[in-house]
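A.B. asks: Sharing a structure with you now.
What follows draws every value from the coordinates through simple rules; no lab data is involved. Being a predicted model, the structure only gives us computed values, none of them experimental. Using ideal geometry, Cβ is built from the backbone for each residue, glycine included, and neighbour counts are taken over all protein chains shown.
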Amino acid sequence: MKKITVIFLIILLMPFFVNAQKSDYKNYRELISAFKSLSSSYTKLKVIGKSDSGKNIYAFIVGKENLPAVFIGANISGYDLAASEAALILSKDILSKIKNGEYKDKSFIIIPVMNPDLYDIYFKKPLEKRVKNFTPKDDDGDGLIDEDPPEDLNHDGYITMMRVKAVDGNYVEDKSFPYLLKKANPIKEERGVYKYYTEGIDNDGDGKYNEDSKGGVIINNNFPVLFKYYKKSSGLYPVSQKTTKTLMTFVLKHKNIELAYIIDRTNNMIKLPEMGRSSKLGDMPVKVPERFGKFLGIDTKKKYKISELVKILNESGVGGGMKITPQMVASFLGVAPPASIDPKDYSYYKELSKQYKDLAKKEKISIDRKVKGEEDGSIVKWFYFNLGIPTIAVDVWSLPKAKSEKKQNKGLTIEKLKKMSKDDFLKLKDSEIESFMKGFRMPPSFNVKMIRKMVESGRLTPLKMASFLEKYQKRSEGKKSLNKDLKSYIENELKGKGVVKWQRFNHPQLGEVEIGGIVPFTDEIPPYNKVEENSKLVTNFFDMLVKKTPSVKLEGLKVKRENSGVYRVNFYIVNEGYLPFYLNMAKRNKYSMPILVKLILPKDAILIEGKKLVKINDLGGIGSAKKVSYLIYPGKNKKIKIKIHHEKIVDMEKSINLGGVK
Amino acid sequence: MRKKILSVFVLALFLTSLSYSLILRYDRYYNYKEVFQALQKIKSKYPKFVKIETIGKSYQGRDLWAVTINNPDTGKASDKPAMYVDANIHGNEIQGTEVTLYIMDYLLSNYGKVKKITDLVNRVAFYIVPIVNPDGRAFFMDKPNTPSTSRINKKPIDDDRDGLYDEDDYDDLDGDGNIVQMRKKVKPGTGYLKLDPKDPRIMVRVKPGEKGDYIMLGLEGIDNDGDGLVNEDPLGGYDMNRTFGFNWMPPFIQYGTSDYPFEPSETYAIAKFLITHKNIAATQDFHNSGGMILRGPGANNMGRYPFADVKVYDYIGKEGEKLLPGYDYMISWKDLYPVFGGFNDFSYRTLGIISFTNELYQAQQDFNKDGKVTPEERMKWNDEILHGAGFVNWHHYKHPQYGDIELGGWKKMTTRVTPGFQLEELCHRNGAFVIFNAFHLPDVKIKEVKKEKIGKGLYRIRVLIMNDRMIPTRTQHAVMKNIGKPDYVRIRGKNLKVISGGIEYDHQLKKYTPQKHHPEKIRINSINGMGFKYIQWIVKGKGNVKIIYESEKGGKRVKEIKI
């Protein structure tokens, strides 16, 4: 009887906590067939290999494969359905632009679902928020594999949370948003009430709940750059997963990729790649191996700080004009790999980021959302650090940040502060500054009087103060604000959907518990209508990027007959595109293959100056040019040919008849 | 006369007591095919003990073999602690393969004759991969080469970045089967070398104030692709001992590595072998040369090894120095050079296995014992020990690009490769080091089980478990990083109820730390080298009780008592 009532109640309440958004997303099969329906004479949908669960990974290839290619990889997280849908929308846009005669001399490689193993979990019951694939793994190190997965105890179709009142509980209800608990803070005189678990039973009787669920490895942590060794969800070793290997071998084979556009949870246009991450290296004491020490005249018995070595090396001239950085010394000595983006590359990213934000403003898409930065061991980092390819990562949708109450406040804001002059600031009332500063919870020594003094003396400008406060705010935000953001999103945008009310349940091990919380993926997968809306930014920014790719041309050809029947041939290989032909990172690693300029001469001609094969290692950004020059004594047949080849450019050929030159 | 008879008798006695008839010869080298035949020969003589399997293919399609040496009468190989040995990951570093052949041959021919060997073969399993780089060995042994060409595998690489792969290799110009050096006599004052006045085979650098009349032009070869450069894109490949999946670095940091960890099928195959054979508790790989017993870390960016494991390494390494005269026990990154993605870092750091790498062979060329080997002494070695067979004397050659030059230099089977007359001793001593290592694989015993009545039907059961060898059942590193399965000790009985149990922290006062959950299955994590653990249970019941110890690397032990 009781059971029936519960079931009846659930059915009755169903509409309140089932997500209406679900119906419109396609499952993996449907998505791929949507790509199939786009096929035409210049597209190809092919299987590039298998995932760990044995699913096909598809690439949709547009244009000739010998042309420079832009790589579009979506959904490395696997569950990011919005990213895959955006890749479909973007593909359609590319095709229509090609029809209109745009994107000549380019090809596109689109992998709509880079990690298909997690794609269909969204359509399965019970819905569980999982980010790991299904490779069997002993998560808790007890020697058993996948022995304690969560269970949908109340059969509502969701794996949510359980809370149980306990003497030693350390969680309390978040009063402003009862679907979430928060850690009790005894300093604030909060006494813990609940213990907090994911929904399920302790299958292996070890006192822990759901600590070893099925699988697995996070594919986007399994790439070899800054791979986290010993972290189980990263995998036993880099590229241990079939999915990772399939993607990498495919990318490595396509040497024509000049730009990578990754659509997933990461957005490196909102959260730029980290700079100066290995700056701590400067103080690390190291010894110099003898073979280098001898050569450089450095005492190999002494320990040096890396910063000292940088100084010595830069003064010695061994760099040959290149500035030697702490990161370079560190990786050379095998102390640490480069962990930071190159400063010059960063300036390109920064400029692109500015344009992305401007575009977002134009498209009226908020960038005030909780995006992920580049993760260690991710595909984004691999593309940039190992391949040296410009790698732009964008998300389609992320949880919007709760609008801070201060902004609605008519008083002082960070934005206002940024635009203020010194005098403007000093004109403010003490109370205005005070109420503004209150929001940041600064140490008490940082009071109005002191700030006034600093601004007066010029040691602090309003702009400096604003950027400092912004950073401070960001640091103190982080996880703490998740509850706030979720609450605001669920209340304001989902109108109360996406939550499961706490309900009593008689747990076989814990006794009476309550089950409820947030519907899985509410903070990761948006309502379907958001996808189309936000894809505009994904698509239009992509269009902007494609038009910024390097474009290498032969220009300024001059042929001159000199004395004694010899000919001088000069020309430039020049980059007409915005992005440099090779980022600095690519120059540092082996993947920057040179542009090959080949001179083909008749057999009886003599090349007096110049090389038959000129290798142009790299070109900077727009307008960067390298001169090629030959002095030729032609034979009877005065025809010569210049062939220019590189996988990332459109091959060129130029025939010159020296006989026709005066 | 009587004296003679007596000495013959003594000699005969000596021979019988120490005789073991190895079935292979160890004064020579085996090429790839011959290694296969040698393995078959060993297997056909000792079929019961030997299993040969193919665990992967090389880039050019050659088989990678793994040999299991195990006595099936004493249990399955996978149930015993195991020693893994491999060799020849670098194509030109060949003699480790002969060491591995010797180990198998020696163990099996002494089985049943020498007690220590018999006991060892009965107790542990050996997994042996004689050649990790089959293409490299085939190339080095069957083709003209130098002692150093080449260590890599045979995947084509565009070394000079001109879009072509392996298009300008070295060439045996005079067809004598050797790749040697090219030198050219030039106008006095334009060279940087001159001939050693005492021995014109030796080139010496000119000192300030002198004029040189020779230059070196590199290894024997021509400009095969007509790009104006000589030998700029030789065959292959990856340095496979930089492709393992721990602390792997891309090629611009670690020269010679592949595009990603375990890209070469060869290293992937042996990694998979190590991962799936969880009973491997020690590994040994063989390289050349220099006479070293190396352990990691390969590079110093990932921290030091934990103290308890260093103790084990130091013990085995320092004993090894005694067994291998002239060899030094060293730490790779500190005493040699940094290695990212090396084998023994992976096997220790990723899999938690005690791992050594030996650099085989030091030529004994220091004739005047001054601690230095001069070019003259090296020549003496060639002239008086090898009787001239190790060096190609300089001779004229007409080179298409360089004109009149001379060819000459050391042959490939010198400098790094042990000469035949020294090979057997090298095999035996390094084999003895492996056997010493294998002797110290964990040997766990349930030494005692005591029962004590403490109440009505209530008993205290106390168990002593001990490891009689130096290698732990799980390294400290493995325990700290949650690598592999923890060791467990269980108690079981039909009519038994386990009330409480745990590891004793004070045996004398009978104190133990109760394990909260599943007290019938005590997690002990590991038993250290020469270490022990006391387990205590409070149980209720009667009848037969089984104590079961289970460990991935320590094996399974069962003891029964009655209460």
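A.B. asks: Using 20 Å as the cut-off for backbone N distance, which residues of region B:223-238 belong to the label zone defined by a point 7 Å from the Cα of A:Lys612 along Cα→Cβ?
C.D. replies: Output list for this probe position: B:223-234.
A.B. asks: Taking θ = phi - 60°, what integer Hz values does the Karplus form 6.51 cos²θ - 1.76 cosθ + 1.60 yield along region B:284-295, in sequence order, with x for Gly and Pro?
C.D. replies: In residue order, the calculated couplings are 9, 10, 10, 10, 9, 9, x, x, 9, 10, 9, 10 Hz.
A.B. asks: Next question. Order these by the 10 Å Cβ neighbour count, fewest first: B:Trp248, A:Trp502, B:Trp537.
C.D. replies: Least to most surrounded, the residues fall as A:Trp502, B:Trp537, B:Trp248.
A.B. asks: OK, next. If you fit an axis through the alpha-carbon atoms of helix A:480-492 and take the longest principal axis of the Cα set of chain A, what angle between them do you get, 0 to 90°, nearest 10?
C.D. replies: Helix A:480-492 sits at roughly 80 degrees to that axis.
A.B. asks: Also, I was wondering about something else. How many Cβ atoms of partner chains, on average, are near each residue of B:157-163 if near means within 10 Å of its Cβ? Provide the component values of the computation, followed by the final result.
C.D. replies: Details: counts 1, 2, 0, 3, 7, 6, 9.
Taking the mean over all residues of the peptide, I get 4.
A.B. asks: What distance in nm lies between label points placed 7 Å from Cα along the C-beta direction at B:Lys398 and A:Asp543?
C.D. replies: 7.0 nm
A.B. asks: For chain B, what does the helix formula give at 222 nm: sum of -39500 (n - 2.57) over DSSP H segments with n ≥ 4, over the residue count, nearest 500 deg cm²/dmol?
C.D. replies: On the way: 10 runs with 125 residues, N = 563.
Calculated at 222 nm, the ellipticity per residue is -7000 deg cm²/dmol.
A.B. asks: Okay, next question. Quick one: length gained pulling B:Leu229 to B:Leu323 fully straight, 0.36 nm per residue minus the C-alpha distance?
C.D. replies: Taking 0.36 nm per residue and subtracting the Cα distance, the gain is 29.0 nm.
A.B. asks: Return the long-range amide H neighbours of B:Asp487 (sequence gap of 5 or more, or a different chain), with a cut-off of under 5 Å between placed amide H atoms.
C.D. replies: The list, which skips near neighbours in sequence, is B:Ile524, B:Asn525, B:Ser526.
A.B. asks: To the nearest whole number, what is the average tally of beta carbon atoms from other chains within 10 Å of the beta carbons of peptide A:229-239?
C.D. replies: Per-residue shielding by partner chains comes out at 5.
A.B. asks: Pairs A:Lys165/A:Lys501; A:Lys344/A:Lys381; A:Lys403/A:Lys530: which are spaced more than 23 Å apart, C-alpha to C-alpha?
C.D. replies: In this structure, not one pair exceeds 23 Å between Cα atoms.
A.B. asks: Let's test the formula: R0 of 41 Å, r as the Cβ-Cβ distance of A:Ser39 and A:His155. What FRET efficiency results, to the nearest 0.05? Walk me through the numbers before you get to the answer.
C.D. replies: Details: r = 42 Å, r/R0 = 1.03.
Calculated transfer efficiency: 0.45.
A.B. asks: Apply the Karplus parameterisation 6.51 cos²θ - 1.76 cosθ + 1.60, with θ equal to phi minus 60°, to every residue of region B:421-428 and state each ³J(HN,Hα) to the nearest whole Hz, in sequence, with x for glycine and proline.
C.D. replies: Each residue's phi maps through the Karplus curve to give 5, 9, 5, 4, 5, 4, 4, 5 Hz.
A.B. asks: Round to the nearest 0.05 the FRET efficiency obtained for A:Asn56 and A:Lys603 when R0 = 51 Å and r is the Cβ-Cβ distance.
C.D. replies: Computed FRET efficiency for A:Asn56 and A:Lys603 comes out at 0.45.
A.B. asks: Would you list, by chain and number, the lysines whose Cα falls below 22 Å from the Cα of A:Lys287, excluding same-chain residues fewer than 8 positions away?
C.D. replies: A:Lys301, A:Lys302, A:Lys303, A:Lys305, A:Lys311, A:Lys323, B:Lys334
A.B. asks: Pulled fully out, how much extra length does the chain show between A:Leu272 and A:Lys553, if you take 0.36 nm times their separation in residues and subtract their Cα-Cα distance?
C.D. replies: Using 0.36 nm per residue and subtracting the Cα-Cα distance, I get 98.0 nm.
A.B. asks: Then there's this: So what's the net charge close to B:Lys553: Lys and Arg +1, Asp and Glu -1, counting the other residues with Cβ under 12 Å from its Cβ?
C.D. replies: For residues surrounding B:Lys553, the net value is +1.
A.B. asks: Here is a follow-up. Which residues' amide hydrogens lie under 5 Å from the amide hydrogen of B:Asn224, considering only partners 5 or more residues apart or on another chain, with H built in the peptide plane?
C.D. replies: Those qualifying (amide H under 5 Å, at least 5 residues apart or on another chain) are B:Asn231.
A.B. asks: Once every DSSP H run of n ≥ 4 in chain A is given -39500 (n - 2.57) and the sum is divided by its residues, what mean residue ellipticity at 222 nm do you get, rounded to the nearest 500 deg cm²/dmol?
C.D. replies: Computed mean residue ellipticity for chain A: -8500 deg cm²/dmol.
A.B. asks: On to the next question. For A:Asp174, A:Asp142, what's the fewest-to-most ordering of other Cβ within 10 Å of each Cβ?
C.D. replies: Fewest-to-most Cβ neighbours within 10 Å comes out as A:Asp174, A:Asp142.
A.B. asks: Can you tally the net charge around B:Gln536? Count Lys and Arg as +1, Asp and Glu as -1, for every other residue whose Cβ sits under 9 Å from the Cβ of B:Gln536.
C.D. replies: +3
A.B. asks: Using a cut-off of 18 Å between alpha-carbon atoms, which lysines can reach B:Lys41, once sequence neighbours fewer than 8 places away in the same chain are excluded?
C.D. replies: Of all the lysines, those that pass the test against B:Lys41 - Cα under 18 Å, at least 8 places apart if same chain - are B:Lys33, B:Lys51.
A.B. asks: Within 10 Å, count the other beta carbons around each residue, average over each peptide in B:409-422, A:639-652, and list them highest first.
C.D. replies: Values: B:409-422: 19.3, A:639-652: 17.7.
Order by mean packing, descending: B:409-422, A:639-652.
A.B. asks: Mind listing the long-range amide H neighbours of A:Asn115? Cut-off is under 5 Å, sequence gap 5 or more, other chains count too, H placed in the peptide plane at 1.01 Å from N.
C.D. replies: Those lying under 5 Å, H to H, from A:Asn115 are A:Gly78.
A.B. asks: Take the Cβ-Cβ distance between A:Val448 and A:Lys99 as r, set R0 to 51 Å, and report the resulting FRET efficiency rounded to the nearest 0.05.
C.D. replies: 0.25
A.B. asks: How many nm is it between the label spots at B:Lys510 and A:Asp24, if each spot is 7 Å from the Cα in line with the beta carbon?
C.D. replies: With each label point 7 Å from Cα toward Cβ, the separation is 7.3 nm.
A.B. asks: Rank these for me by crowding, B:Glu263, A:Glu151, A:Glu30, going from fewest to most other beta carbons within 10 Å.
C.D. replies: Ascending number of Cβ neighbours within 10 Å: A:Glu30, A:Glu151, B:Glu263.
A.B. asks: If you average the sequence gap of Cα pairs under 8 Å that are 6 or more apart and divide by the length of chain B, what percent do you get for the contact order?
C.D. replies: Answer for chain B is 14 percent.
A.B. asks: Further question: How far apart, in nanometres, would the label points at B:Gln422 and B:Lys372 be if each is projected 7 angstrom from Cα along the Cα-to-Cβ direction?
C.D. replies: Spacing of the two 7 Å Cα→Cβ label points: 2.0 nm.
A.B. asks: Turning to a different aspect of this structure: P(r) tail for the protein assembly as shown, what percent of Cα pairs lie past 54 Å? Write down the numbers at each step before the final one.
C.D. replies: Numbers: 259966 of 749700 pairs.
The share of Cα pairs beyond 54 Å in the protein assembly as shown comes to 35 percent.
A.B. asks: Indicate the gyration tensor shape class of region B:65-121 (rounded, prolate or oblate), computed on the Cα atoms with a ≥ b ≥ c the square roots of the eigenvalues: a/c under 1.5 is rounded; otherwise a/b larger than b/c is prolate and the rest oblate. Intermediate results must be reported in sequence, preceding the final value.
C.D. replies: Working: a/c = 3.14, a/b = 1.64, b/c = 1.91.
It is oblate, given that a/c is not under 1.5 and a/b is not larger than b/c.
A.B. asks: Could you name the lysines whose alpha carbon sits less than 17 Å from that of B:Lys380, not counting residues in the same chain fewer than 8 places away?
C.D. replies: In chain and number order, the partners are B:Lys198, B:Lys369, B:Lys372, B:Lys411.
A.B. asks: Here's another thing I want to ask about it. Given region B:516-563, report the % of alpha carbon pairs whose separation exceeds 18 Å.
C.D. replies: Working: 425 of 1128 pairs.
That fraction is 38 percent.
A.B. asks: Residue by residue through region A:142-151, which ³J(HN,Hα) values in whole Hz follow from phi under the Karplus form 6.51 cos²θ - 1.76 cosθ + 1.60 (θ = phi - 60°), with glycine and proline marked x?
C.D. replies: In residue order, the calculated couplings are 9, x, 9, 10, 6, 8, 9, x, x, 10 Hz.
A.B. asks: How would you classify region A:121-167 from its alpha-carbon gyration tensor, with a ≥ b ≥ c the square roots of the eigenvalues: rounded for a/c under 1.5, else prolate if a/b is greater than b/c, otherwise oblate?
C.D. replies: Judged from the Cα gyration tensor, region A:121-167 comes out oblate (a/c at least 1.5, b/c at or above a/b).
A.B. asks: Can you tell me how region B:444-562 classifies by the Cα gyration tensor, rounded, prolate or oblate, using a/c under 1.5 as the rounded cut?
C.D. replies: prolate
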